[in-house]
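What follows is a single structure, written as structure tokens, with notes after it.
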Amino acid sequence: MPAQNTLANLFSNLQNAELRNKHECLVIPSSKLIIDTLNTMKQNNYIGEFEVIDDKLGGKIRIQLLGKINRCGIVSPRFSVSKSDYSLWERRFLPAVGIGILLVSTSKGVMTHVDAEKLNEGGRLLGYVY
């Protein structure tokens, strides 16, 4: 059985549900990285509330959609990014400066590239949302 990329699964489920104007979507399986990513997206008003459902298997997450995601995806491979290179990656993955967020995994947790720049943190690129 091939390995699953749970983050790619999350982004493709979100993208497909948004394209079909759904009000919620269900993501299987759950993980700590997905929950941290969803918390960051919620803080930036891309999604509404989400609920983790423990089904004693892999876990599920029900996510309330706000219709604010135009596009989202993973960055693969997860490139290392230094604290001075965020504008380079912003130009590569986002449509314009100031539109959308890059999701970065740092030593202080998952955060946006804007927050990571303020905290002077480098990390690994996980994905983008706009």
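Derived from the Cα gyration tensor, the three semi-axes of the equivalent ellipsoid of the range 6-65 are 17, 13, 11 Å, largest first. Full extension of the chain between Asp55 and Ile28 yields a length gain of 8.7 nm, computed as 0.36 nm times the residue separation minus the alpha carbon distance. Here the range 1-113 is treated as a Stokes sphere of Kirkwood radius computed over C-alpha pairs; at 20 °C and 1.002 mPa s its diffusion coefficient rounds to 144 µm²/s.
On a per residue basis, the convex hull of the C-alpha atoms belonging to the range 72-129 measures out at 67 Å³.
A simple charge model with +1 on the Cβ of Lys and Arg, -1 on the Cβ of Asp and Glu and nothing else charged puts the dipole of the chain at about 200 debye relative to its Cα centre. Based on Cα contacts under 8 Å between residues 6+ apart, the range 72-129 shows a relative contact order of 49 percent. Counted residue by residue at 0.36 nm each, then reduced by the alpha carbon distance between them, the extension gain from Arg92 to Asn21 reaches 22.8 nm. Report note on the peptides 76-85, 93-102: ranked by the mean count of other C-beta atoms within 10 Å, highest first, their order is 93-102, 76-85.
For the range 116-130, putting each phi into the Karplus relation 6.51 cos²θ - 1.76 cosθ + 1.60 with θ = phi - 60° gives couplings of 5, 5, 5, 7, 6, 10, x, x, 10, 6, 9, x, 9, 9, 8 Hz, in residue order, rounded to whole numbers and with x for Gly and Pro.
None of the figures in this text is laboratory data; all of them are computed from the coordinates on show. A quick note: this is a predicted structure, and the numbers were derived from the prediction, not measured. Positions of Cβ are backbone-derived with ideal geometry, glycine not excepted, and every protein chain shown enters the neighbour counts.
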